[in-house]
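One structure below.
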Amino acid sequence: MSMNAYETTNTFLKRAMSVLDLEPGYETLLLTPRREVRVELTIRMDDGSIGNYIGYRVQHDNARGPYKGGLRYHPEVDVDEVRSLASLMTWKTAVIDVPFGGAKGGIQVDPTKLSEKEIERLTRRFVDLIHDFIGERVDIPAPDVNTNAKVMGWFFDQYTLHEGFSPGVVTGKPVSLHGSLGRESATGRGAMLAIREVLAADGKKLQGTSFSVQGFGNVGSWFARLAHAQGAKIVAVSDVKGGIFVGDGIDVPKLLEHVKATGSVVGFAGARSINNEEILTVDCDVLVPAALGHVITDKVAAEIRAKYVVEGANGPCTLEGSDVLDQRGVLCLPDIWANAGGVTVSYFEWVQNLQQHRWSEEKVNEELERHIVAAHKDIRAAMARYKTSMRTAAFVLALERVKAATDQRGHG
Ligand code: NAD
């Protein structure tokens, strides 16, 4: 029987907890979300009818700082998924060492069926109903699947109507509306830096290393662009419509132009078409799942030819898939480190908002690199100390940090 995302995250966590030998009460404290808000969102649709939607904000843990986490608009959003993603944020912010806790929000809606005005009304209604529970020193949302800088701009504006000027209440805002330079590319850049460090530890370089990237949205396309610029060979990429393969490496800047013109990677000149199963098992050194959760099952994991997996997406491996990768000696860079670049630069955006001062893009990128590189050293130390996988080591490191803050507050 396959587990849902919440159970999978909790199983990874429980393994790390058993390494640390935590007392059971602690386990419950760290597994259970602090607060869950569920709201009914009613808006007028463009045709005059009433639209009914359900929204959630789950606040998992704030021992290390204000709750932090994205806002997702998707038909499959449910409370279990939001809980799992909220918990992952607690461990992600701890691994990357930014002073935040973990939260996540979502609205159960298919945004492709709504007009832009309807999405705006839905977003503003959501803020009307949750503004009492968030704030720049309480809980700071950000973009996630199907939400973007534009949505965050409406979010900021609506919150400000209730509470007064507070740009730090949400991150991922447009650069011209209190956003940060370098935020858009941050997750892809962080993932590129993470695999760069791992390759270096094995005496290898990005240059000449071959990659297959599933998903060509924010994370996948920035990853491909930045890795390609460092001399990496991107042999395969895919999006929801299908995939392409070029054995000698894709000209990524040309592909970006093709995607801009056609809306998909499919049909790129000189490439062989492949499907979204093949993208995971093509011949390459590094696989980067950067689209959806749970795509690397045990069956897929057994067929992966890459030696490294970089979890650009959240939760791309099932529990069984992750175990098969470990058994086969494929090194998996876990999501709570590999895709933490986004939340790291969200933290820089928040700092800039509180300072009311803009950083240069160079400063943002330098500070991001510092956090990714430091986390790699800390994860390696935990791997050596506890003789565990990189994923368990990352969870152990995060648990130690959250536990320390909990104890130091006197709550442990
Ligand atoms: P996005 O919407 O910009 O891009 C998603 C990409 O995946 C698109 O290219 C889409 O076509 C593709 N896709 C969708 N369904 C697919 C399918 N069935 N098969 C293959 N490809 C498919 O989203 P994003 O922001 O790039 O996020 C991707 C993943 O990374 C998500 O799991 C998200 O939670 C995670 N993530 C994103 C950020 C961030 O800063 N954007 C940070 C951390 C984690």
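The values are calculated or read from the model by the stated rules, or taken from the named source; none is laboratory data. For clarity, every value in this text was computed on a predicted model and none was experimentally measured. FYI the Cβ positions are ideal-geometry reconstructions off the backbone, even for glycines, and counts take in every protein chain you see.
Here are the numbers for this structure:
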read-out: Breaking point among (1) touching a residue at least 60 places away in the same chain (Cβ under 8 Å); (2) within 12 Å of the ligand (Cβ to nearest atom), for A201; value: (2)
read-out: Condition check for G321: more than 10 Å from the ligand (Cβ to nearest atom), on the phi > 0 side of the Ramachandran plot and touching a helix residue (DSSP H, G or I) at 6+ places or on another chain (Cβ under 9 Å); value: no
read-out: Failed item, numbered, when K92 is tested on (1) modelled with pLDDT of 95 or more; (2) over 13 Å from N314 (Cα atoms); value: (2)
read-out: Hits in the stretch 365-403 - residues which are small (G, A, S) and under 21 Å from N10 (Cβ atoms); value: A382, S389, A393, A394, A398
read-out: Lone qualifier among S346, S360, S389 - being crowded, with 23+ Cβ neighbours inside 10 Å and either under 26 Å from V300 (Cβ atoms) or not aliphatic (A, V, I, L, M) (or both); value: S346
read-out: Residue among E197, E184, E257 that is over 19 Å from E367 (Cα atoms) and not hydroxyl-bearing (S, T, Y); value: E257
read-out: Any hit, the stretch 303-311, residues being under 30 Å from R137 (Cα atoms) and within 16 Å of the ligand (Cβ to nearest atom); value: yes
read-out: Within the stretch 218-240, considering residues that are within 8 Å of the ligand (Cβ to nearest atom) and among the small types (G, A, S), the one farthest from G342 (Cα to Cα); value: S238
read-out: Those residues of the stretch 197-243 which are hydroxyl-bearing (S, T, Y) and within 21 Å of H258 (Cα to Cα), in sequence order; value: S212, S221, S238
read-out: Number of positions in the stretch 14-31 that are free of Cβ contacts under 8 Å to residues at least 40 places away in the same chain and in a helix (DSSP H, G or I); value: 6
read-out: Looking only at the stretch 246-302, and only at residues there that are on the phi > 0 side of the Ramachandran plot and within 12 Å of the ligand (Cβ to nearest atom), the one that is modelled with the lowest pLDDT; value: H294
read-out: Residue satisfying condition, being farther than 30 Å from T392 by Cβ, of a type in the set (F, W, Y) and touching a residue at least 24 places away in the same chain (Cβ under 8 Å), within set F165, F100, F133, F156; value: F133
read-out: Residue in the stretch 157-168 that is of a type in the set (D, E, K, R), more than 16 Å from the ligand (Cβ to nearest atom) and at pLDDT 95 or above present; value: yes
read-out: Qualifying position, being within 30 Å of D157 (Cα to Cα), within 16 Å of the ligand (Cβ to nearest atom) and assigned by TED's automatic domain parsing to the domain that holds A269, among G190, G215, G243; value: G190
read-out: Single residue of the stretch 1-23 satisfying the filter (at pLDDT below 90 and within 19 Å of the chain's Cα centre (by Cα)) that is surrounded by the most Cβ atoms within 10 Å (Cβ to Cβ); value: T9
read-out: Number of positions in the stretch 69-87 that are farther than 13 Å from V145 by Cα and touching a Ser or Thr at 6+ places or on another chain (Cβ under 6 Å); value: 2
read-out: Only one of G101, G106 that is buried (at least 21 other Cβ atoms within 10 Å of the Cβ), among the small types (G, A, S) and within 14 Å of the ligand (Cβ to nearest atom); value: G106
read-out: Qualifying positions in the stretch 206-224 - touching a Ser or Thr at 6+ places or on another chain (Cβ under 8 Å) and free of Cβ contacts under 8 Å to residues at least 40 places away in the same chain; value: N218, W222
read-out: Helices (runs of 4 or more DSSP H) fully within the stretch 320-412 counting 1 or more residues that are among the hydroxyl-bearing types (S, T, Y) and over 19 Å from the mean Cα position of the chain (by Cα); value: 361-386, 390-408
read-out: Unique residue being within 23 Å of N314 (Cα to Cα) and in contact (Cβ under 8 Å) with a residue 24 or more places away in the chain when the list is T11, T42; value: T11
